[in-house]
1. What net charge do the residues around residue 86 carry, taking every other residue with its C-beta under 12 Å from that of residue 86, with Lys and Arg at +1 and Asp and Glu at -1?
2. Longest segment of the chain with no trypsin sites (Lys or Arg not before Pro) in a DSSP loop having at most 10 other Cβ atoms within 10 Å?
3. Considering only 103, 36, 27, give the residue with the highest GNM mean-square fluctuation for the chain, with springs between Cα atoms whenever their separation is below 10 Å.
4. May I ask for the net charge around residue 28, where only other residues with Cβ less than 13 Å from the Cβ of residue 28 are counted and Lys, Arg are +1 while Asp, Glu are -1?
5. Using Cα-Cα distances under 8 Å and only pairs 6 or more residues apart, what relative contact order does the chain have, in percent?
6. DSSP loop (so not H, G, I, E, B), at most 15 other Cβ within 10 Å: list which chymotrypsin sites (Phe, Trp or Tyr not before Pro) in the range 59-104 pass both filters.
7. Could you list which residues have their amide H under 5 Å from that of residue 111, counting only those 5 or more apart in sequence or on another chain, with H placed in the peptide plane?
8. Which far-off residues, 5 or more places away or on another chain, put their amide H under 5 Å from the one on residue 85, with H placed in the peptide plane?
Amino acid sequence: MGILDYFKKPEYLYHGTSLDRIPNIQTEGLDPKYSTGGAVFLSDSVGFSAFWGHLEALLRVKKDDLNPDLLKKSNRYESEYEYVGIIPPEILTIRRVILNKTTGELELTAVRE
């Protein structure tokens, strides 16, 4: 990673969740009404998001597809964002997260593109 990479805005944001929530997300999207914090919490870190999703499922959304008026940096964690609107399912990429216990790396397999 070059020095200028640290100044780039992230292209994608991620949201970790459990597998049992995927069917609802595929029909309703990510809705802040299901969050105790009143927002959908996203991160520019795959690992951070996968951790919060208990290493089950990872959702990816292109940052430019989100309404910038509804997105702000969180003051809880460095890589965290808060979105106070519904993120529609058609702009989400859904992946299942598998932790490779031999290498310690996360493997992502398609649930839906």
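1. Values: positive: 33; negative: 28, 31, 90.
Once positives and negatives cancel, what remains is -2.
2. Values: sites that count: 8, 76, 101.
Result for the longest clean stretch: 9-75.
3. Of the options given, 103 has the highest mean-square fluctuation.
4. Numbers: positive: 21, 33; negative: 31, 90.
The answer is 0.
5. Working: 200 pairs, mean separation 32.7, N = 113.
Result for the chain is 29 percent.
6. Details: sites: 77, 81, 83; in loops: 77.
Passing both the DSSP loop test and the Cβ count: 77.
7. Long-range HN contacts for residue 111: 94, 95, 96.
8. Answer set, sorted by chain and number: 40.
Values in this text are rule-based calculations from the coordinates and carry no lab data. Since this is a predicted model, take the numbers as computed values, not measurements. As a convention, Cβ positions derive from the backbone with ideal geometry for all residues, glycine included, and neighbour counts pool all protein chains shown.
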